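Quick notes on the structure that follows.
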Amino acid sequence: MAFASHLARDTKLERAIVVTFALAELLVEGGERVAIPGLMNPSGSRNVIDKLAQAILHDTAARPSLPPAFAPSPLSEIIVLSDFWSPMPEIHRMISGLS
């Protein structure tokens, strides 16, 4: 996600963070709760962008390309933001684990 072409000034990671913040804001405005597995617990707070930013900023762990394995609650809906630049079997295993 650290890649940026010579035609773009922002990396894929920077763009993904902007999309994450915008999506989180829209979801919370719609009454949903937002979380990042292994990083931030679900929150429906109006300051969700601040909470997300603080969680991301203070995260010192080396993160793999795909999210960590976790068991979502039965009624949860999952959105995965990634460049999916991982081997297909790993992507398939991650998606199967979430479904």
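Odds and ends about this structure:
- For segment 58-99, the convex hull spanned by the alpha carbon atoms encloses 95 Å³ per residue.
- Three-way shape call for the chain based on the alpha-carbon gyration tensor, with the a/c threshold at 1.5: oblate
- Additional length obtainable on full extension of the chain from residue 8 to residue 85, 0.36 nm per residue less Cα span: 25.8 nm
- Of the chymotrypsin sites (Phe, Trp or Tyr not before Pro) in segment 30-89, those whose Cβ has at most 10 other Cβ within 10 Å and which sit in DSSP loop: none
- Solvent-accessible surface of the chain, taken per residue with a 1.4 Å probe and all protein chains present: 76 Å².
- Separation of segment 17-37 from segment 47-88 is 12 Å, based on Cα centroids.
- Rounded to whole numbers, the Karplus 3J(HN,Hα) couplings from phi for segment 84-99 are 6, 8, 10, x, 3, x, 5, 5, 4, 4, 5, 5, 4, x, 8, 8 Hz, using 6.51 cos²θ - 1.76 cosθ + 1.60 with θ = phi - 60°, and x at Gly and Pro.
- For residue 43, the residues whose amide H sits under 5 Å from its own are 34, 35, ignoring neighbours fewer than 5 places away on the same chain, with H placed 1.01 Å from N.
- Accessible area of the chain belonging to carbon and sulfur atoms, whole % at 1.4 Å probe: 60 percent
- Modelled FRET efficiency - R0 30 Å, residue 60 with residue 92, Cβ distances, 0.05 increments: 0.50
- Cα gyration tensor, segment 36-81 - rounded (a/c under 1.5), prolate or oblate: oblate
- Cβ-defined net charge surrounding residue 39, 11 Å radius [Lys, Arg +1; Asp, Glu -1]: +1
The values are calculated or read from the model by the stated rules, or taken from the named source; none is laboratory data. In this text, all values refer to a predicted model and were calculated from it rather than measured experimentally. Quick reminder, even Gly has a Cβ in these numbers, built from the backbone with ideal geometry, and neighbours come from all protein chains shown. Keep in mind that these areas ignore ligands, DNA and RNA; they rest on the heavy atoms of the full protein, side chains included. Shrake-Rupley method; radii C 1.70, N 1.55, O 1.52, S 1.80 Å.
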